[in-house]
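Take a look at the structure below.
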Amino acid sequence: MPVNRPAVWFPLCAAAAAVCLVLHATDKRREFAVEFLFSLLVLSEGVTRASGLPWLKFAYFPAVIGMTGLYSLWTVLGSLALLFLLVPLGILAARFGFVFSQTNLAEQGAFAAFLLATAVLSSLIFTRLKKEREQAVSSLSEIRDRAQSIVPQTGMESLSSDEVTSHYFASMLKTDEEIGQLLLTLKKAVFADSANLFVPTDNGIGLRCSTEEKGSIIITGKGEIGCCLTEKRTFAAGEAEEKKIDLGYIKKSGKTTSVMAFPVNAGPTAIGVLAADSARYHAFGSVEQETGRMFSSQMEKVLERERVYLQIKREHLGLKVLSEESSKMLSSLDAGVIARTLCEGAERIVQAGIIFFSAEDGKFRLLHHTGEAASDKLYDLRGTFVSHIMDVFVANRQPGGLADVSDCRMPILPFKVTDIKAIAVIPLLYEKSVLGLFAAYGGRKDFIDNAQLHILKVMCNQASASLANARLHAAIEKMATTDGLTGLNNHRVFQEKLSAELIRSGRTGKPVSLLLTDIDFFKKINDTYGHPVGDQVLKGVSAIIRETVRTIDIPARYGGEEFAIILPETDAEGALQIAERLRKTIGEQTFTADGKTFRITISMGIAVLPGDAKTKEELIEKADQALYHAKHNGRNRCVLRRRIA
């Protein structure tokens, strides 16, 4: 019919679609959604048939994806089912230009199946996106509830609506603008020459905002404004200039005869002073002073909103850093990485100098410092303030610090730090052991608040657990790779290191030498003095080996009283020089047992790759042959394998 009578079919179909749209739009339960979508699909079917363009069938796929974004999966599937069930298969075949056959039926079935699969997959994707959006909205709601629980009463009854929340935070972000407007209004209300907001600083008072141009107000000291701040009292004078009252500030142009000042409090603490002045005598009576108190109360609300906003912002940043850096610390077994991660995270939380010490045998190694002190240096913290805080922390598990270090008589740190006004110290404890010491210091007294300190303490606790795991891992690794008596590499590690050096030698073409050494008449030492003395001899020899060989050399206990030393990038003559130096040093060492002093000697065999051998097994065998030759030809000597006849 769309082909034979389009003038009739299309208007009727369009009218049906319009009716379904009206019913669908006016019904909040969307009961007519299936009918509306089905009418659109039938209309599209007619357009495709009337145009004679079978390739238009592919338009169904984006249409179905769009439907699943707006409607439920079952609504879309219902509309498609009606289309495929109610439109005769013969019409569908003609619509695609096919001859009605079994093959065409299979193709029609495949097309329907793919269309249904598209609907299901796109519905799943849209459902997942909707869930993620709902989770984001839920998280935002939690943040609002948390903000509402800590925000003081500021005239807003609730933070539940988006509009109120938006206005609230926008007002906090424009604090300086709001303060300026309050000061200008106060100036006009009491007919003052200027209105100013002073805030506390380390040196007394500072100017936060003024109705005057920048630079017009000059701070001269603490004065009466500073007393209003520290004592939280009001001040008023009508003849300030004649009585030479020190206000704490002067104006570049004009005199200040009358002044009134009111403290701006945040709980028990004064966070500012609101002041208005005039060149007129006794310009501010009781009415003007009452007006000033009202503006002071309003200023308290403005500054408190700003303080709460900054607190929320700092806590949000701190929690974000805590989440990011904690995962890094927990996933690392490297003490250096853990310390660096902790300090970098702390620097993001609080703008301050950061210091981190690692505890090592009663002393503390400096692993991180943002200042001038050199890292990787051992310090004795006894007699310093940070050591005192560490003792207090061990007792009550509470972080400590000084809000003003100027009153501290003992050294704060074991080295000098410039521009330090306050410090916070957090020792890192695991069970009853002190693993390290974290400190943050600032150039002002209020550089850190309680929320930031709490987050830093949590990070330090996690760093303590990570450092303990790192040390345990290092101890286990040491047990697995070193000889328990001598502390040298064990036989397994020796074999691995030798294989690695031979591979590297084959790549670079540089030689590798192997020394095998044996303590002469060691059995006689055990028989004469006992095995404990023999163990002391083995420890003494291994200590001399560690101190004598180069840092690139690899010493190991080969077995019993035998030792092996891998000498990378060393030829035969170089290996012989090292061996002779080692033999002479050990021969000069004295040992004591049963009140008697004795000396020992060693024999050494030397083999070099590639000159003496081509494989690891052959290199060990050649070095062992040289050692055998040394022991059976007088002992206390070093023998090169290539010099044996």
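The values are calculated or read from the model by the stated rules, or taken from the named source; none is laboratory data. Small disclaimer: the values here were computed from a predicted structure and weren't measured. Here the Cβ is made from the backbone with ideal geometry for all residues, glycine too, and neighbour counts use every protein chain on show. Side chains are part of the model used for accessible areas, which takes the heavy atoms of the whole protein and leaves out ligands, DNA and RNA. Shrake-Rupley method; radii C 1.70, N 1.55, O 1.52, S 1.80 Å.
Got a sec? Which of Val259, Val273, Val302, Val287 is touching a Phe, Trp or Tyr at 6+ places or on another chain (Cβ under 7 Å) and of a type in the set (A, V, I, L, M, F, W, C)?
Numbers: Val259 fails: touching a Phe, Trp or Tyr at 6+ places or on another chain (Cβ under 7 Å); Val302 fails: touching a Phe, Trp or Tyr at 6+ places or on another chain (Cβ under 7 Å); Val287 fails: touching a Phe, Trp or Tyr at 6+ places or on another chain (Cβ under 7 Å).
The match here is Val273.
Can you find a residue in the range 527-535 that is crowded, with 18+ Cβ neighbours inside 10 Å and in contact with a helix residue (DSSP H, G or I) (Cβ under 9 Å, 6 or more places away or on another chain)? So that I can check it myself, show each step before the final result.
Just the residues of the range 527-535 that are crowded, with 18+ Cβ neighbours inside 10 Å, to begin with: 529, 534.
Add one more test, that the residue is in contact with a helix residue (DSSP H, G or I) (Cβ under 9 Å, 6 or more places away or on another chain), and what stays is 529, 534.
Checked the range 527-535: at least one residue is crowded, with 18+ Cβ neighbours inside 10 Å and in contact with a helix residue (DSSP H, G or I) (Cβ under 9 Å, 6 or more places away or on another chain).
Would you confirm whether any residue within the range 583-591 is surrounded by 19 or more Cβ atoms within 10 Å (Cβ to Cβ), under 21 Å from Glu501 (Cβ atoms) and at pLDDT 90 or above? No, there is no match, as no residue in the range 583-591 is surrounded by 19 or more Cβ atoms within 10 Å (Cβ to Cβ), under 21 Å from Glu501 (Cβ atoms) and at pLDDT 90 or above.
Considering only residues that are part of a helix (DSSP H, G or I) and charged (D, E, K, R), which ones fall in the range 532-564? Write out each step before concluding.
Quick first cut of the range 532-564, residues part of a helix (DSSP H, G or I) only: 532-548.
Correct list: Asp535, Lys539, Arg546, Glu547.
Of all the listed residues (Val151, Val190), the sole one being modelled with pLDDT of 80 or more and at negative phi is Val190. Selection of the range 267-278 for residues being modelled with pLDDT under 90 and among the hydrophobic types (A, V, I, L, M, F, W, C) yields Ala270, Ile271.
With the condition kept exactly as written, say whether any residue in the range 281-298 is at pLDDT below 85 and open to solvent by less than 80 Å² (accessible area, probe 1.4 Å). Yes, the range 281-298 has at least one match.
With respect to the stated conditions, Lys614 is open to solvent by 70 Å² or more (accessible area, probe 1.4 Å), out of contact with any Asp or Glu (no Cβ under 9 Å at 6 or more places or on another chain) and not in a helix (DSSP H, G or I). Of all residues in the range 238-256, those that are open to solvent by less than 20 Å² (accessible area, probe 1.4 Å), in a strand (DSSP E or B) and either among the aliphatic types (A, V, I, L, M) or in contact with a Phe, Trp or Tyr (Cβ under 6 Å, 6 or more places away or on another chain) (or both) total 0. Scanning the range 333-352 for residues that are open to solvent by 10 Å² or more (accessible area, probe 1.4 Å) and not in a helix (DSSP H, G or I) gives Leu333, Asp334, Gln351, Ala352.
Restricting attention to the range 257-280, the residues being open to solvent by 10 Å² or more (accessible area, probe 1.4 Å), within 15 Å of Asn196 (Cα to Cα) and of a type in the set (D, E, K, R) number 0. Of everything in the range 206-232 that is out of contact with any Phe, Trp or Tyr (no Cβ under 9 Å at 6 or more places or on another chain) and assigned to a loop (DSSP other than H, G, I, E, B), the residue that is farthest from Thr175 (Cα to Cα) is Lys222. Is it the case, given these coordinates, that Asn489 is crowded, with 20+ Cβ neighbours inside 10 Å, in contact (Cβ under 8 Å) with a residue 40 or more places away in the chain and among the polar types (S, T, N, Q)? The answer is yes for Asn489.
Mind checking which residues of the range 592-611 are surrounded by fewer than 21 Cβ atoms within 10 Å (Cβ to Cβ) and either farther than 24 Å from Lys497 by Cα or aliphatic (A, V, I, L, M) (or both)? Scanning the range 592-611 gives Thr592, Ala593, Asp594, Gly595, Lys596, Thr597, Phe598, Arg599, Ile600, Thr601. The one condition from (1) part of a strand (DSSP E or B); (2) of a type outside the set (Phe, Trp, Tyr); (3) at pLDDT below 80 that Ala440 does not meet is (3).
Residues are listed down the side, and each one gets a yes or a no for (1) among the basic types (Lys, Arg); (2) under 46 Å from the mean Cα position of the chain (by Cα):
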| site | (1), (2) |
| --- | --- |
| Leu435 | no, yes |
| Gly442 | no, yes |
| Met459 | no, yes |
| Leu485 | no, yes |
| Arg492 | yes, yes |
| Arg504 | yes, yes |
| Asp527 | no, no |
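Evaluation of Asp419 against the conditions (1) part of a loop (DSSP other than H, G, I, E, B); (2) open to solvent by less than 30 Å² (accessible area, probe 1.4 Å) shows that the sole unmet condition is (2). May I ask you to say which residue of Leu184, Leu197, Leu229 is open to solvent by 40 Å² or more (accessible area, probe 1.4 Å), under 20 Å from Glu306 (Cα atoms) and at pLDDT 85 or above? That would be Leu184, the only listed residue that is open to solvent by 40 Å² or more (accessible area, probe 1.4 Å), under 20 Å from Glu306 (Cα atoms) and at pLDDT 85 or above.
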